[in-house]
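Notes follow the structure.
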Amino acid sequence: MSLTGTPFLLTTIALAAVAVLLPLAVWSRVRGPALVRGAARLLMVLFAQATAITLVFLLVNNSNNLYDNWGDLLGTGDHVQAAADLGPDGTGGISLRNLPKVRQTFREADGPGMHAAGGVQVTDLKGQVSGVDAEVYVWLPPQYHQAAYRHRRFPVVELLPGYPGSPKSWFGSLHTPAQLLPLMRSGRIAPFILVSPRTTLIADADTGCANIPGRVNADSWLSIDVPKMVTDNFRAESGPGGWAVAGYSAGAHCAAKLAVAHPDRYRAAVSMSGYNDPISEPLSLAAQTPRLRAADNPYLILRHDRTPPAVALYVSGESGDGYEAGMALQKVAKSPTAVDVVYLPRSAGGHNMALWRPQITTVFRWLTQQFDAGGQKAGGTTNTTGSPRSARPLPHEPSTAGATRAALASGTASRAVAGRRP
């Protein structure tokens, strides 16, 4: 029975109801010695507590899409078939143009939000380069099937969840297609193809979207295998001219890192409540060694890159949770890198879906601006106000939330409480 399926939820609700009614019906009718009666009543209490906890967990999990299946929950899932050393560019010396086309079979995706706004489809992809074997979810804009657009190639936004998190969260918990559909139909937002791949690839660990020989090639999975599959199966633009990446929490860190590390694959990135230093996520594999930690820190990449990447970054966050990371990136960014930082007040919500869900339309308006006029805006001059026209303005004086200069510089101040995860 699926962890996120309706049958399991209904079964749990029924068991919780039985757990309440059973003591009311038989508590005083239990017969036998005092020890037997006490044991029977204790079991009824434990049964009621267990069903209540399970029901609450399921409701929270289904609302936030934290664990997609039993393997994710129990820490038994492993989606890495091989993890060769692929070198600095993540290709392993392979000529990507010479790789055979990837032809995939797609099926209708199940779960909350999967059938809204035209429906989401899913496929199981075996990464030719990364050695990762995992699912990828795809949503097509309304124009994709219209005759007037039959020769049109569409821009793509790759959507990354937090950790723990499911790729379904962008479609279920954040209601992204449902929010964007009317805006795409009216022409106020570009008709993006939305792609959300699995990012939880190893049991009980956050890959940090990094390539780690012998463990996982998450970077190559996200920036090479997934884009190639999409362009091979759909009328999609190829990167960097047609691709952006967006994420929240740990996915936000990945989005910023992938964009600045691979300007040849992405034009823009969106980071909602992210961080720069991988060590901000205690279970991040990218923080295990000083070399990996530095190589996967977008702040350090921008600071030390001799040729600033031609990418645009949108970073939003509250004081102590994403805002300082964005300000650090903006401080070291040099043209043609552009960094827009959006300050969110504490009253906007916490580190959860309630904070990120209302940002979806603003984020995609910003992305539409980056892809306007053939991408002339992306990689342009750094925004001097730190705020796009459609976003909330920044405060006159950036808030440091009591962080030290060193923390602000490294971006580690963006996660004041390292254990906070969606």
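Distant-in-sequence amide contacts of residue 339, defined by a placed amide H-H separation under 5 Å and a gap of 5 or more residues or a different chain, comprise 313, 383.
Taking the Cα atoms of region 305-356, the ratio Rg/Rh between the radius of gyration and the Kirkwood radius comes to 1.07.
Looking at region 82-144, the accessible area is 50 square angstrom per residue; that uses a 1.4 Å probe and ignores ligands, DNA and RNA. Can you give me the % of accessible surface on region 102-167 that is carbon or sulfur? Probe 1.4 Å, all protein chains present, nothing else counted. About 47 percent, which is the carbon plus sulfur part of the accessible surface. Take every pair of alpha-carbon atoms less than 8 Å apart whose residues are at least six positions apart; their mean separation over the length of the chain yields a relative contact order of 14 percent.
Considering only 50, 261, 25, the Gaussian network model of the chain with Cα springs below 10 Å gives its largest mean-square fluctuation to 25. Compute the separation of the alpha-carbon centres of region 1-32 and region 190-216 and state it in Å as a whole number. Spelled out, the Cα-based centre of one part sits 38 Å from the other.
Counting only protein heavy atoms and using a 1.4 Å probe, what share of the accessible area of region 252-320 belongs to carbon plus sulfur, as a whole percent? Before the final figure, lay out the partial values.
On the way: 1140 of 2140 Å².
Roughly 53 percent of what the probe reaches on region 252-320 is carbon or sulfur.
Take every Cα pair under 8 Å whose residues are at least 6 apart in sequence, average their separation, divide by the length of region 125-276, and the relative contact order is 28 percent.
Couplings 3J(HN,Hα) for region 216-224, derived from phi with the Karplus relation 6.51 cos²θ - 1.76 cosθ + 1.60 (θ = phi - 60°), are 6, 10, 5, 4, 5, 4, 7, 9, 10 Hz, where x marks Gly and Pro.
When +1 charges are put on Lys and Arg Cβ atoms and -1 charges on Asp and Glu Cβ atoms, the dipole computed for the chain relative to its Cα centre reaches about 680 debye. Normalised per residue, the accessible area of region 151-302 is 24 Å², obtained with a 1.4 Å probe and no contribution from ligands, DNA or RNA. A convex hull fitted to the Cα coordinates of region 74-192 yields 157 cubic angstrom per residue. Give the shape of region 139-292 as rounded, prolate or oblate, defined through the alpha-carbon gyration tensor: a ≥ b ≥ c are the square roots of its eigenvalues, a/c under 1.5 means rounded, and otherwise the shape is prolate if a/b is larger than b/c and oblate if not. Taking the square roots of the gyration eigenvalues as a ≥ b ≥ c, region 139-292 is prolate.
With an a/c value of 1.5 or above and a/b larger than b/c for the gyration tensor axes a ≥ b ≥ c computed over the alpha-carbon atoms, region 215-305 is described as prolate.
Projected over every direction and averaged, the convex hull enclosing the alpha-carbon atoms of region 129-181 yields 5.3 nm². For region 161-251, the gyration tensor built on C-alpha atoms gives an oblate shape. Its axis ratio a/c (a ≥ b ≥ c) is at least 1.5, and a/b is not larger than b/c.
For region 277-366, compute Rh as the Kirkwood radius over C-alpha pairs and then the Stokes-Einstein diffusion coefficient at 4 °C and 1.567 mPa s; write the answer in µm²/s, rounded to an integer. Walk me through the intermediate numbers first.
Working: Rh = 14.4 Å.
Translational D for this selection: 90 µm²/s.
Gyration tensor analysis over the Cα atoms of region 20-88 returns equivalent ellipsoid semi-axes of 46, 15, 7 Å (largest first, whole Å). Working value for region 55-143: equivalent-ellipsoid semi-axes of 30, 21, 10 Å, each the square root of 5 times a Cα gyration tensor eigenvalue, largest first. By the helix-only formula, in which each DSSP H run with n ≥ 4 contributes -39500 (n - 2.57) and the sum is divided by residues, the chain has a 222 nm mean residue ellipticity of -9500 deg cm²/dmol.
Here the Gaussian network model covers the chain, with springs between Cα atoms less than 10 Å apart; of 300, 283, 42, 42 fluctuates the most.
Every pair of different Cα atoms in the chain enters the Kirkwood calculation, which places the hydrodynamic radius at 22.4 Å.
Between the helical axis of 360-371 and the longest alpha-carbon principal axis of the chain there is an angle of about 20 degrees.
A straight Cα-to-Cα reach below 27 Å connects residue 228 with the lysines 101, 126, 168, 257, 377, residues fewer than 8 places away in its own chain not being considered.
3J(HN,Hα) couplings calculated from phi for region 166-172 with the Karplus curve 6.51 cos²θ - 1.76 cosθ + 1.60 (θ = phi - 60°) are, in sequence order, 10, x, 5, 4, 5, 9, x Hz; Gly and Pro show x. Springs between Cα atoms under 10 Å define the GNM used for the chain, and in it the highest mean-square fluctuation of 136, 156, 36 occurs at 36.
The values are calculated or read from the model by the stated rules, or taken from the named source; none is laboratory data. Because the structure is predicted, anything quoted here is derived from the model rather than measured. Every residue, glycine as well, gets a Cβ built from its backbone with ideal geometry; the counts of neighbours run over all protein chains shown. These area figures cover heavy atoms from the full protein model, side chains too; ligands, DNA and RNA do not enter into them. Shrake-Rupley method; radii C 1.70, N 1.55, O 1.52, S 1.80 Å.
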